[in-house]
Amino acid sequence: MKKYLLTPGPTPVPPEVLAKEGLPVIHHRTSAFGKIFEEVNEGLKYVFQTKNDVLIFTSSGTGAMEGSITNLLSPQDKIIVSDTGKFGERWWKIAKAYGLEPVVIKENAGDSTDIQKIKKALSENPDARAVYATLTETSTGVVNDIKALGEIVSKTDAVLVVDAISGLGAQELRSDEWKVDVVVSGSQKGLMIPPGLAFASVSEKAWKLVENAKLPKFYFDWKQTRKSIPNKETPYTPAVSLIVALSESLKIIKAEGMENIWKRHQLLADATRAGIAAMGLKLLSKVPCNAVTAVLVPQGLSGSTIYKKMRDEYGVNIAAGQGEELKDKIIRIAHLGYMERFDIIIALSALEMCLIQLGYKLELGSAVSAAETVFLGIRS
């Protein structure tokens, strides 16, 4: 059975990028690797929309998240965390693992960050070192207003740290212009390569915190990583083949252009949501993102059942809900990275057939037709 990957990570990888991973491995302390590393670092600056160096680590995106806790903070430091889902939750769980007691601003599932709550928390906690937030919360399909957060946090002594692991390359993000101090991301989403690399862009305001941070770290030591950049290398052995593959995917990204990439993801998201509406289904998110669409499961059906049926009978991999709260209440369809119009048509077609088999009543082809209407730019 042919497989189709429409999960919010990992995402499909372009064939020419996969081919680069099959090349002979080169040593990471050579001029040949140094040239590739330099190209990758410059390419990442373009994707992050920053003039700052982008640190590269061999890990999942969570490694860069953890590094942003240990490299910015000291014991007893106060931070504010915007929790709009499982990944906002991950911020405060990492902080607690290091003995910190974060001020958590928890939103209901499907709600985005309440900017006024963050503003109030900052005024009540003027000693807060950082505000931690998420660009696109893939567990609920929410996009948060990072531009507005940047404006608020920039007027304080705190730094703004954003998890853009799923959002980078799918949702508009202008790190420097929006005054985001730290952006962390991973390789297996919008950057269109397999899992295994993590990244962090760091502003000069954030580097001042790094200089005085006292929490323990070794592998994810940002100062050591920054020192290695002029030498066109990392402090420790990197995932060489992934970096070589990344150099190729960055060329593809540059050729399409970030503005066009954001527009493509908007179009894919719009078409997906039009198809969902045509089936009589509703979204979980009140402010939906362009990386993934979280769909409420019809009454009487189970999200896990739909997810498994699409995967096992149709070869279409989407995602189920995360955590006990959403496990069987939603399904999630990604439109992220190396995806195009027919990926969405396939996903909606499989979902239609699956729902009909499970007893849900809908007009066969309605979702596909609605998506095609969006792709053709036809107004109803």
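The values are calculated or read from the model by the stated rules, or taken from the named source; none is laboratory data. Just so we're clear, the structure is a prediction, and the values are computed from it rather than from any experiment. Every residue, glycine among them, receives a Cβ derived from its backbone with ideal geometry; neighbour counts consider all protein chains shown.
A few notes on this one:
- Residue that is nearest to GLN171 (Cα to Cα) [pool: residues in region 295-348 that are charged (D, E, K, R) and part of a loop (DSSP other than H, G, I, E, B)]: GLU340
- Counting only residues that are touching a residue at least 24 places away in the same chain (Cβ under 8 Å) and surrounded by 13 or more Cβ atoms within 10 Å (Cβ to Cβ), region 204-218 holds 7 of them.
- The combined condition, being modelled with pLDDT of 95 or more, assigned by TED's automatic domain parsing to the domain that holds SER185 and within 22 Å of ASN290 (Cβ to Cβ), is not fulfilled by LYS93.
- In region 321-338, the qualifying residues are those that are at pLDDT 95 or above and surrounded by fewer than 22 Cβ atoms within 10 Å (Cβ to Cβ), and the one that is nearest to PRO194 (Cα to Cα) is TYR338.
- Filtering region 212-235 to residues that are among the small types (Gly, Ala, Ser) and closer than 20 Å to GLY34 by Cα leaves only SER228.
- Scanning region 180-197 for residues that are part of a strand (DSSP E or B) and either charged (D, E, K, R) or over 11 Å from the mean Cα position of the chain (by Cα) (or both) yields VAL182, LEU197.
Residue by residue, here is whether (1) closer than 30 Å to GLY321 by Cα; (2) crowded, with 18+ Cβ neighbours inside 10 Å; (3) assigned by TED's automatic domain parsing to the domain that holds LEU326 holds:
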site: LYS189; (1), (2), (3): yes, yes, no
site: LYS223; (1), (2), (3): no, no, no
site: LYS232; (1), (2), (3): no, yes, no
site: VAL244; (1), (2), (3): no, yes, no
site: ALA291; (1), (2), (3): yes, yes, yes
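- Among residues of region 344-367, those that are surrounded by 21 or more Cβ atoms within 10 Å (Cβ to Cβ) and out of contact with any strand residue (DSSP E or B) (no Cβ under 7 Å at 6 or more places or on another chain), counted: 7
- Meets criteria (at pLDDT below 95 and surrounded by fewer than 20 Cβ atoms within 10 Å (Cβ to Cβ)) for GLN76: yes
- Filtered residue count, region 1-34, keeping only those that are farther than 22 Å from SER166 by Cα and among the polar types (S, T, N, Q): 2
- Scanning region 208-260 for residues that are closer than 20 Å to PHE48 by Cα, basic (Lys, Arg) and part of a loop (DSSP other than H, G, I, E, B) returns a single hit, LYS232.
- Matching residues in region 282-329 - criterion: being among the aliphatic types (A, V, I, L, M) and over 22 Å from PRO10 (Cβ atoms): LEU283, LEU284, VAL287, LEU296, VAL297, LEU301
- Candidates are the residues of region 154-179 that are over 12 Å from the mean Cα position of the chain (by Cα) and not in a loop (DSSP other than H, G, I, E, B); the one that is surrounded by the fewest Cβ atoms within 10 Å (Cβ to Cβ) is SER154.
- Considered as a group, the residues in region 134-153 that are among the aliphatic types (A, V, I, L, M) and more than 16 Å from the chain's Cα centre (by Cα) include one that is nearest to LYS263 (Cα to Cα), and that residue is ALA148.
- Any chance LEU351 is modelled with pLDDT of 95 or more, part of a helix (DSSP H, G or I) and of a type outside the set (Lys, Arg): yes
- Some residue of region 358-378 being over 27 Å from LYS86 (Cβ atoms) and modelled with pLDDT under 95: yes
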